[in-house]
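Structure first, then comments.
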Amino acid sequence: MTKRLGILTSGGDCPGLNAAIRGIGKAARGAFGMHLIGFLNGFRGLIHDQVTELDDRAFSGILTDGGTILGTSRDKPHRMPVNGKIQDMTEEAVATYHRHALDGLICLGGGGTQKNALRLKEVGLNILTLPKTIDNDIAMTDVSFGFDTAVGIATEAIDRLHSTATSHSRIIVVEVMGHRAGWLALEAGMAGGADVILIPEIPYKVERIAQAIQERARRGSRFSIVAVAEGAMSDSDAQQIAKVARQKKEAKNKADKEAASAKLQSFVDAHVGHTIQLTEELERVTGLESRLSILGHLQRGGTPSAADRVLATRLGTACAQYANDGRYGYLLALQNDQVRPVPLEEVAGNKKLVPVDHPMVQAARLVGTSFGD
Ligand code: F6P
């Protein structure tokens, strides 16, 4: 009997999603003769049964396109806003899966998607996932597609900011994405020769950053580039957040846990825009004119790099192979240049952060880059 597969993309989009969909689709249909449908806008499409048939034409000409032909959202089946209320819509998601007589569902996404996918596995669905995110923070995979493209975009931006920083003898702070993990800031910062790199894993002190910049100025370089991940924070903010996170973990009842969660969220909300304050403080402390450039969603847009197209095609085709073999319950990860199945339980809820002594951090320090610590 013809096997039937569903595909959805969830979480923030990134370059390489369409290449992965194409890899799954071409292999599943062409090599294994499966029937494919796509759910629109992430898990929302699964819950509300919004589908599109995926025939050969759907996979043609999308290898180089950014975004996702299926649309995406950050919706979670177990916490869906419905008529102004948060509801558990897991049963509806399961019902749609069975209504379409699916043999399996493939979810392409980041950390949140891996958690949602595990929940669906736990209620009995056959699930496979692929790792996508420009943050590169998915556990158990060496790399996620989207990351290489984003590193390229952010590096080019830093290159361009260099010439204007030099001409004006300014500090330019460049904010790159990465709210929990600093991989993107680290790699783009290194590739672009940033003088200071600030990542969430290494809390900074403004005085230390200023010192590094003033030292450069004394040596004759009156400009500096500061590459900062959006989630980087000062050591005092980091201590406060760690305290509230601890309170949340140790909360004895639901009310305490909710209160700690609300406090944590307000910290996170207040942190948005912290690079504006950082830029102003650096100007005040160093006396050097400072400007801020926030790269934002530019880093998620446009055509995928060659490396991301290749990675997405490898993972996508491997995924079709696993589905054809009836092997479910895994993230297909890249480890030591091999595609490997990792049980979803080992991925969901874990984040791959930058180890503070990572060889890249050490190399950056050896070329004189400051981490503000
Ligand atoms: O998760 C990827 C990511 O790009 C983060 O780096 C960033 O904080 C977030 O998405 C932005 O998400 P949104 O598109 O929902 O604003």
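What follows is calculated from the coordinates using simple rules that are stated; it is not laboratory data. Keep in mind that this is a model prediction, so the values were computed, not measured. Cβ atoms come from the backbone with ideal geometry, glycine included; neighbour counts cover every protein chain shown.
The HN-Hα couplings worked out from phi for segment 300-317 by the Karplus form 6.51 cos²θ - 1.76 cosθ + 1.60 (θ = phi - 60°) are 9, x, x, 6, x, 5, 4, 4, 5, 5, 5, 4, 5, 5, 4, 5, x, 5 Hz, whole numbers, x standing for Gly and Pro.
Exposure proxy for VAL356, VAL226: other Cβ atoms within 10 Å of each Cβ, ordered fewest to most, give VAL356, VAL226.
Exposure proxy shown here: for MET360, MET177, MET1, MET34, the number of other Cβ atoms within 10 Å sets the order, fewest to most, as MET1, MET360, MET34, MET177.
Could you tell me how many degrees, from 0 to 90 and to the nearest 10, lie between the Cα long axis of helix 235-250 and the main elongation axis, the longest principal axis, of the Cα atoms of the chain? Between the helix axis and the principal axis of the chain, the angle is about 40 degrees. Residues whose amide H comes within less than 5 Å of that of TYR204, counting only those at least five positions distant or on another chain, are MET233, SER234, ASP235 (H built at 1.01 Å from N in the peptide plane).
Under the classification rounded if a/c is under 1.5, otherwise prolate if a/b is larger than b/c and oblate if not, where does segment 150-300 fall, given a ≥ b ≥ c as square roots of the Cα gyration tensor eigenvalues? Taking the square roots of the gyration eigenvalues as a ≥ b ≥ c, segment 150-300 is prolate.
According to the square roots a ≥ b ≥ c of the eigenvalues of the Cα gyration tensor, what is the shape class of segment 219-340, taking rounded for a/c under 1.5, prolate for a/b larger than b/c otherwise, and oblate for the remainder? It comes out oblate by the Cα gyration axes. Once backbone amide H atoms are built at 1.01 Å from N, ARG74 has GLY11 as its partners under 5 Å, excluding neighbours fewer than 5 places away on the same chain. 3J(HN,Hα) along segment 255-264: 4, 5, 5, 5, 5, 5, 4, 5, 5, 4 Hz, from the Karplus curve 6.51 cos²θ - 1.76 cosθ + 1.60 with θ = phi - 60°, whole Hz, x for Gly and Pro.
Per DSSP H run of n ≥ 4, the term is -39500 (n - 2.57); total these for the chain, divide by its residue number, and report the mean residue ellipticity at 222 nm rounded to 500 deg cm²/dmol.
Calculated from helices alone, the mean residue ellipticity at 222 nm is -13000 deg cm²/dmol.
For segment 176-182, backbone phi angles converted through the Karplus equation (6.51, -1.76, 1.60; θ = phi - 60°) give residue-by-residue couplings of 10, 5, x, 7, 10, 10, x Hz, Gly and Pro being listed as x. Relative to the longest principal axis of the Cα atoms of the chain, helix 274-286 runs at roughly 20 degrees. Exposure proxy shown here: for LYS351, LYS252, LYS121, LYS115, the number of other Cβ atoms within 10 Å sets the order, fewest to most, as LYS252, LYS351, LYS115, LYS121. Determine the shape class of the chain: with a ≥ b ≥ c the square roots of the Cα gyration tensor eigenvalues, call it rounded for a/c under 1.5, and otherwise prolate if a/b is greater than b/c, oblate otherwise. Taking the square roots of the gyration eigenvalues as a ≥ b ≥ c, the chain is prolate. Between segment 226-297 and segment 126-162, what is the separation of their alpha carbon centroids in Å? With segment 226-297 and segment 126-162 each reduced to a Cα centre, they are spaced 22 Å.
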